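S.K.: The structure follows.
Values quoted throughout were computed directly from the atomic coordinates according to the rules given, and no laboratory measurement underlies them. Note that the coordinates shown come from a computational prediction; the quantities given were computed from them, not determined experimentally. Here the Cβ positions follow ideal geometry from the backbone for every residue, glycine too, while neighbour counts run over all protein chains shown.
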Amino acid sequence: MIVQTIQFCVHTGCSVLPGAGAGRYRAAMTAPLLVTEVPGPRSRELHAQRTEAIADGFGTVLPVFVDSASGGEIVDVDGNRFIDLASGIAVTSVGASHPRVVARVSRQVARFTHTCFMVTEFESFVRVGQWLNAHVPGDFDKRTALFSTGAEAVENAVKIARSHTGRPRVLVLDEAYHGRSLLTMAMTAKEHPYKTAFGPFPGEVVRATNANALRSGLDAAAALAEVERVIDAHGAETFAALVVEPIQGEGGFNVPPAGFLRGLAELARRHGIVFVVDEIQTGLGRTGRLFASEHEGIAGDLTLTAKALGAGLPISAVTGRAEIMNAVHVGGLGGTYAGNPLACEAALAVFEILDDPATLRNVAAIERVVLDRLRPVADEIPAVADVRGRGAMLAIEFAEPSSLTPLPGLAAAVSQACHRGGVLTLTTGTHGNVIRLLPPLVAAPELVAAGVDVLVAAIRAATTEAAA
């Protein structure tokens with residue numbers, strides 16, 4: 001059975017950015033192509049097996065099993081071809097199975113897969129550190145430490161800050177997300193599903209007001225005053241680190257008002273607090289700059305990267321001021337898989353792609369085609385409370401027009417309609433009422449536009465149904 005997608009047909013072409021070493025993954029689509037219902041029979045069969053083998057605690061956004069993925073598309077085991085507006089939650093930012101990544105990792109896997117850098121060293125670990133030291137914002141001498149996951153990077157940043165300052169406390173913001181380990185769950189604001197039934201959590205984590213213009217109604221100055229009040233109430237001399245996302249991810253893609261992040265950096269500096277910028281979701285080109293903090297003209301004392309860093313292989317990093325990074329005693333940092341050589345080679349391929357100016361130009365083109373389609377919807381449909389974001393990190397929030405009561409059911413219905421139409425989208429936000437778009441940075445703008453057109457059609461259909 002052929003399932004028709006929403007007003008699109010398929011042509012041969014390339015669904016990834018020409019240049020930047022992108023190559024041509026295959027004769028690629030310019031729209032979804034569905035040959036079965038979603039999920040298809042083979043995916044349903046495998047999903048039944050999954051329920052017998054895998055713990056229920058793993059959720060699934062779209063229960064289809066992937067056969068292959070490349071550029072901005074995903075092909076499932078039933079032959080359905082989806083437009084990917086999720087990038088594995090901003091991980092496959094240079095596209096799934098990018099030829100440069102495949103080539104570097106393939107060469108490395110034939111040489112050696114692992115030694116543990118704390119046992120015997122290898123060059124790619126050093127090369128990754130050198131690139132990050134040179135490109136992470138901040139005109140000062142830097143050092144880098146590599147780990148495996150974003151949560152590890154956050155936890156090690158806290159360890160480093162505590163070692164440097166001799167202080168215990170960590171300050172985070174409302175609506176923040178920093179990971180799923182016990183410490184990073186304490187730092188994460190959203191209760192469900194991340195924290196439910198997992199406490200008690202580590203202490204010494206303090207939360208302050210965020211400058212969320214839509215929700216808190218606070219401008220930068222008022223929010224900064226609230227943050228300083230919290231610091232004073234607990235004693236500035238007790239805080240080791242202030243950890244912030246330059247654009248909040250799981251919190252709802254909240255873009256800070258102008259001056260807020262700069263003010264936080266100044267607060268931290270004034271009180272001797274290590275300013276930690278969590279660029280795990282926002283970094284490495286996602287917002288149209290190499291790092292989202294560049295939009296604000298700030299530099300963290302420590303900057304965290306992960307997700308896109310390994311193009312799908314697990315690797316993360318803490319990069320920062322040499323005197324802070326080197327405060328930890330020898331042997332105090334590490335991890336069995338930290339900076340695994342396969343992941344380091346993947347990161348070096350990512351850097352090659354980001355070093356090509358065409359990549360960030362393409363991100364700007366993606367931003368234009370998405371906003372050109374979503375902003376008119378915000379004007380047309382009252383339940384669309386906001387369209388926001390930067391580069392290829394964009395979102396649309398749903399709420400009651402008069403009260404701003406979140407509408408998570410509407411967001412879920414829209415996202416599910418996109419899935420049935422062959423477009424992979426994700427929901428996010430403290431209330432689950434935001435659809436976030438994270439297409440690969442190298443995806444052809446025309447392909448992203450086709451995916452967003454499906455999203456727009458789904459919004460119109462879902463809001464019409466809700467109003468009926």
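S.K.: State, as an integer percentage, the relative contact order of the chain based on alpha-carbon contacts under 8 Å between residues 6 or more apart.
M.R.: Rounded, it is 22 percent for the chain.
S.K.: Can you give the Rg and Dmax of segment 101-355 based on its C-alpha atoms, in angstrom?
M.R.: Looking at segment 101-355, its Cα Rg and Dmax stand at 17.8, 56 Å.
S.K.: In Å and on Cα atoms, what radius of gyration and Dmax does the chain show?
M.R.: 21.9, 67
S.K.: Also, quick follow-up: DSSP beta bridges in the chain, what fraction antiparallel, as a percent rounded to 5?
M.R.: For the chain, the DSSP antiparallel bridge percentage is about 70.
S.K.: Using +1 on the beta carbon of Lys and Arg, -1 on that of Asp and Glu, and nothing else charged, what's the dipole of segment 311-468 about the Cα centre, debye to 20?
M.R.: The calculated dipole for segment 311-468 is roughly 140 debye.
S.K.: Another question, if that's okay. For the chain, what does the helix formula give at 222 nm: sum of -39500 (n - 2.57) over DSSP H segments with n ≥ 4, over the residue count, nearest 500 deg cm²/dmol?
M.R.: Result for the chain, helices only: -11500 deg cm²/dmol.
S.K.: Evaluate the relative contact order of segment 190-267 (contact order divided by residue number), counting alpha-carbon pairs under 8 angstrom at least 6 apart; express in whole percent.
M.R.: Once normalised by length, the contact order is 32 percent.
S.K.: With a ≥ b ≥ c taken as the square roots of the eigenvalues of the C-alpha gyration tensor of segment 145-231, please select rounded if a/c is under 1.5 and otherwise prolate if a/b is larger than b/c or oblate if it is not?
M.R.: Because a/c hits 1.5 or more and a/b fails to exceed b/c, segment 145-231 counts as oblate.
S.K.: What's the magnitude of the charge dipole for the chain around its Cα centre, counting Lys and Arg as +1 and Asp and Glu as -1 at the beta-carbon? Answer in Debye, nearest 20.
M.R.: Value, rounded to 20: 640 debye.
S.K.: Still on this model: On average over all directions, what projected area in square nanometres does segment 189-291 have, based on the convex hull of its Cα atoms?
M.R.: 7.4
S.K.: Something else now. What list of ³J(HN,Hα) couplings, whole Hz, do you get for segment 85-102 from phi and the Karplus terms 6.51, -1.76, 1.60, once you set θ to phi - 60° and write x for glycine and proline?
M.R.: Taking θ as phi minus 60°, the curve returns 10, 10, 6, x, 6, 6, 8, 8, 5, 9, x, 5, 6, 4, x, 5, 5, 4 Hz for segment 85-102.
S.K.: Take the alpha carbon gyration tensor of segment 257-381, find the square roots of its eigenvalues, order them as a ≥ b ≥ c, and report rounded if a/c is under 1.5; if not, report prolate when a/b exceeds b/c, else oblate.
M.R.: Cα axes put segment 257-381 in the oblate bin.
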